[in-house]
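The structure appears right after this line, and notes come after that.
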2 protein chains.
Amino acid sequence: MALYVQKFGGTSVGSVERIKAVAEKVKGFRDQGHEIVVVVSAMSGETNRLIGLANEVSDEPHPREVDMLVSTGEQVTISLLAMALHAIGVPATSYTGAQVGIRTDSAHTRARIQQIDTDELHQDLGAGRVVVVAGFQGVDADGNITTLGRGGSDTTAVALAAALKADECQIYTDVDGVYTTDPRVCSRARRLETITVEEMLELASLGSKVLQIRSVEFAGKYNVPLRVLSSFEDGPGTLIVAEEEPLSSHMEEPLISGIAFNVNEAKLTVLNTPDIPGVASKILGPIADANIEVDMIIQNVAPVGDRTDFTFTVAKSDYKQTYRLLEQKVIPELGGEIKGDDQIAKVSLVGVGMRSHAGVANRMFQVLGNEGINIRMVSTSEIKISVVIDEKFMELAVRALHTAFGLDREDVNQEG
Amino acid sequence: MALYVQKFGGTSVGSVERIKAVAEKVKGFRDQGHEIVVVVSAMSGETNRLIGLANEVSDEPHPREVDMLVSTGEQVTISLLAMALHAIGVPATSYTGAQVGIRTDSAHTRARIQQIDTDELHQDLGAGRVVVVAGFQGVDADGNITTLGRGGSDTTAVALAAALKADECQIYTDVDGVYTTDPRVCSRARRLETITVEEMLELASLGSKVLQIRSVEFAGKYNVPLRVLSSFEDGPGTLIVAEEEPLSSHMEEPLISGIAFNVNEAKLTVLNTPDIPGVASKILGPIADANIEVDMIIQNVAPVGDRTDFTFTVAKSDYKQTYRLLEQKVIPELGGEIKGDDQIAKVSLVGVGMRSHAGVANRMFQVLGNEGINIRMVSTSEIKISVVIDEKFMELAVRALHTAFGLDREDVNQEG
């Protein structure tokens with residue numbers, strides 16, 4: 001007998017039929033003798049509908065009232081799921097975030113969980129009841145309803161699992177686990193049995209958006225076993241574990257766990273700019289002031305005397321504005337010239353195996369070189385290597401690296 | 001400067017445009033220096049949509065979960081209205097029933113208010129804020145969300161007005177006040193400046209459904225001045241007052257205040273039944289057991305020796321079942337025969353003026369007699385006389401009585 005916190009997202013509860021299917025799934029676990037806490041999101045589309053109403057009412061809707069409004073989305077789902085459970089003979093009680101005592105700070109629309117009261121939950125579970133909790137929401141010290149920001153239902157689930165010392169936090173989604181890369185780009189992508197929290201964080205931030213990044217951090221911090229599974233098919237999904245945990249299969253895992261990619265960035269270089277202290281902040285200052293986020297930053301070795309090239313990437317949507325800022329505020333002061341490219345892709349290898357194995361970067365450059373792919377930028381971290389290449393080579397690069405690093409599914413013909 | 005509790009129903013907040021219009025109206029009162037508490041219902045159609053979802057999930061949705069579900073309807077409205085007020089520069093705070101401390105018993109879907117905490121409300125009002133409260137909902141001692149039953153937003157408004165000792169509770173609706181009778185039946189119907197609580201109760205229970213009857217009782221009990229006004233047009237509406245209140249104009253008011261009518265009843269008579277103690281309960285017992293509500297009851301003087309006729313009315317929809325019950329359970333035991341009629345109308349004169357003036361009934365019978373309308377049943381109370389007539393004469397009877405008792409609008413040609 002185990003205690004599971006199970007989270008079902010918007011698609012999984014997107015209709016009355018699906019809510020009934022979730023109830024049946026929960027009943028199955030309960031019939032096996034497990035204690036179940038279910039966390040649900042708003043029915044798919046509902047949060048957007050509500051935010052649409054808010055935007056019709058006001059250009060800048062008051063954040064406290066936005067939380068009051070959108071929190072109704074999950075409240076509808078919890079009540080319907082509790083009804084569906086009752087209807088098939090499973091005693092269940094629904095709770096809003098405020099009712100279950102998910103205490104947060106007062107940062108409306110992006111609140112952080114501070115504390116969870118579990119007394120009542122344990123009482124319900126002890127009495128054989130399934131507890132259904134509204135994800136994404138909480139209450140501040142003054143009794144105001146808060147929300148955790150988009151995707152916050154995952155965080156609710158992990159936080160509840162931590163507070164309840166659950167055996168596992170299971171996140172049900174519309175995919176059946178975490179893959180070595182996006183199966184739409186590489187048909188040989190393989191579901192991972194396990195992945196470490198760190199790897200998951202690198203993959204999530206790079207675009208494999210299965211789980212909300214905050215919930216993964218949370219799981220790592222509180223050592224909550226986190227599993228991603230499909231709402232619609234049976235299967236073991238992917239277990240996300242703290243690295244410390246001994247995994248019998250881990251030694252045989254390949255050097256890298258997954259390949260992430262991102263085609264939504266653009267690259268800008270200030271060529272031939274003075275190589276003096278503070279030049280980086282002189283270039284990036286005006287960009288930060290405009291609230292533009294910079295991702296990769298590389299300053300090359302000075303090619304000519306005391307001049308250097310400074311390269312960075314921004315979101316593609318910020319490319320034009322960034323170019324103008326450099327033109328108007330940076331070049332007049334520093335000199336040099338601008339070179340920009342918005343047809344780039346970032347491809348990243350992620351894996352804790354890199355730590356103990358040299359030569360991953362070199363092997364990566366070889367593979368890309370063999371395919372005739374030129375590398376425009378490189379950046380590395382302890383468990384990740386990212387390269388920027390021309391956008392048109394992205395699929396080719398991902399597939400070649402996927403095969404070269406032993407990630408391909410065994411049941412797929414590698415020539416296929 | 002006054003403290004007003006203003007309630008806007010589902011039609012008045014049925015769209016974003018209407019919510020904005022309510023915000024403007026509220027702003028107008030606040031700009032005059034008044035303190036305003038606004039109570040709102042769910043946007044029209046929303047409660048039915050939610051109940052529809054519940055019925056899709058379960059044939060018998062769990063009452064606690066029904067309250068959890070439908071209470072989201074008002075929560076959406078309060079947040080949108082608070083946003084709309086902010087957007088036009090009016091500081092406002094929304095509260096759910098639970099947040100504002102509307103404590104009820106635990107009778108889900110039909111809870112009764114027990115207590116309201118007003119500390120926080122007074123604080124907000126004192127700070128110049130408009131307070132927006134979700135109607136129809138509260139919270140029980142265990143923190144469960146409850147609802148007051150359909151139309152309960154009126155009750156919320158009156159209860160808040162009583163707790164806050166408000167100067168007036170204003171119920172904004174889609175009509176501009178209480179009329180002497182239904183203007184669709186009698187074009188000469190006139191809006192009443194004032195009406196007493198007792199009269200309002202008689203009119204409401206008889207079919208002039210402007211206000212929820214519970215809220216009127218509540219207003220009477222706690223001596224809350226209650227005003228019915230239009231959401232869409234300016235105007236003084238109708239003030240509902242306790243009778244004790246001295247009204248300068250009251251002496252000149254006509255004997256009766258309004259004419260109610262109801263065509264949704266049917267009449268059943270048990271003819272020639274024994275005139276013995278307990279016969280009434282022998283006839284009505286099986287009907288009460290079937291949960292059929294009986295309205296008027298009349299036992300005529302025995303026309304033949306120790307036999308009597310016993311007549312009563314039920315809802316038209318219960319007519320056939322009631323007839324069968326009499327046939328199967330009453331006649332075999334008591335003897336006699338059944339006569340039924342489901343083509344009847346009940347027409348009622350209501351007015352506190354009746355108390356001090358004899359002859360109202362007689363005048364009523366004369367007027368109906370002059371029009372050739374036969375009276376099938378009569379029943380009287382202290383401030384009401386009801387007659388049952390053939391349904392086809394209903395409009396004629398209402399119009400003739402309206403004119404005869406001086407209720408016609410002065411600006412309408414009485415021959416028109």
Legend entry - Every residue from the range A:81-96 that is open to solvent by 10 Å² or more (accessible area, probe 1.4 Å), closer than 21 Å to B:Asp142 by Cβ and either in contact (Cβ under 8 Å) with a residue 60 or more places away in the chain or more than 31 Å from the chain's Cα centre (by Cα) (or both): A:His86, A:Pro91
Inset, instruction - For the range B:46-71, name all the residues that are facing chain A (nearest Cβ under 8 Å), in a helix (DSSP H, G or I) and free of Cβ contacts under 8 Å to residues at least 24 places away in the same chain. - result: B:Leu50, B:Leu53, B:Ala54, B:Glu56, B:Val57, B:Glu65, B:Leu69
Legend entry - Hits in the range A:72-91 - residues which are touching a Ser or Thr at 6+ places or on another chain (Cβ under 8 Å) and part of a loop (DSSP other than H, G, I, E, B): none
Inset, instruction - Find the residue count for the range B:279-303, including only residues that are open to solvent by 40 Å² or more (accessible area, probe 1.4 Å), closer than 26 Å to B:Ile389 by Cβ and either over 32 Å from the mean Cα position of the chain (by Cα) or of a type outside the set (Asp, Glu) (or both). - result: 6
Inset, instruction - Would you point out the residue of the range B:264-277, among those that are open to solvent by 40 Å² or more (accessible area, probe 1.4 Å) and of a type outside the set (S, T, N, Q), that is modelled with the highest pLDDT? - result: B:Leu271
Inset, instruction - With the checklist (1) open to solvent by less than 10 Å² (accessible area, probe 1.4 Å); (2) farther than 28 Å from A:Glu65 by Cβ in hand, flag the one item B:Arg191 doesn't pass. - result: (1)
Legend entry - When residues of the range B:92-128 are limited to those that are of a type in the set (S, T, N, Q) and within 12 Å of another protein chain (Cβ to nearest Cβ), the one farthest from B:Ala54 (Cα to Cα): B:Gln123
Legend entry - Residue list for the range B:1-40, filter: at pLDDT 95 or above, surrounded by fewer than 21 Cβ atoms within 10 Å (Cβ to Cβ) and among the β-branched types (Val, Ile, Thr): B:Val16
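For the condition away from chain A (no Cβ under 14 Å) and on the phi > 0 side of the Ramachandran plot, what is the one hit in B:Gly33, B:Gly28, B:Gly89?
Unique residue meeting the criteria: B:Gly33.
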Inset, instruction - Could you grab me the full set of residues in the range A:22-43 that are farther than 18 Å from A:Leu229 by Cα and touching a Ser or Thr at 6+ places or on another chain (Cβ under 7 Å)? - result: A:Ala42, A:Met43
Legend entry - For B:Asn362: the one exception among (1) part of a helix (DSSP H, G or I); (2) open to solvent by 20 Å² or more (accessible area, probe 1.4 Å); (3) closer than 25 Å to B:Arg184 by Cα; (4) not small (Gly, Ala, Ser): (3)
Legend entry - From B:Thr72, B:Thr104, residue being under 24 Å from B:Leu164 (Cβ atoms) and either outside the structural domain of B:Ser44 (by TED's automatic domain parsing) or of a type outside the set (Phe, Trp, Tyr) (or both): B:Thr104
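Being of a type outside the set (Asp, Glu) and over 22 Å from A:Val76 (Cβ atoms) narrows it down to one of B:Thr77, B:Thr11, B:Thr104, so name that one.
B:Thr11 is the lone residue from the list that is of a type outside the set (Asp, Glu) and over 22 Å from A:Val76 (Cβ atoms).
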Legend entry - Test set (1) surrounded by fewer than 24 Cβ atoms within 10 Å (Cβ to Cβ); (2) aliphatic (A, V, I, L, M); (3) within 12 Å of another protein chain (Cβ to nearest Cβ); (4) touching a helix residue (DSSP H, G or I) at 6+ places or on another chain (Cβ under 8 Å) - A:Ile78 fails condition number: (1)
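Being part of a strand (DSSP E or B) and over 22 Å from A:Thr322 (Cβ atoms) is the filter here; which residues of the range A:365-399 pass it?
From the range A:365-399, those part of a strand (DSSP E or B) are A:377-381, A:384-390; that's our starting set.
Result: A:Thr380, A:Ser381, A:Lys384, A:Ile385.
The values are calculated or read from the model by the stated rules, or taken from the named source; none is laboratory data. Note that the structure is a prediction, hence the values are computed from the model and not measured. Using ideal geometry, Cβ is built from the backbone for each residue, glycine included, and neighbour counts are taken over all protein chains shown. These area figures cover heavy atoms from the full protein model, side chains too; ligands, DNA and RNA do not enter into them. Shrake-Rupley method; radii C 1.70, N 1.55, O 1.52, S 1.80 Å.
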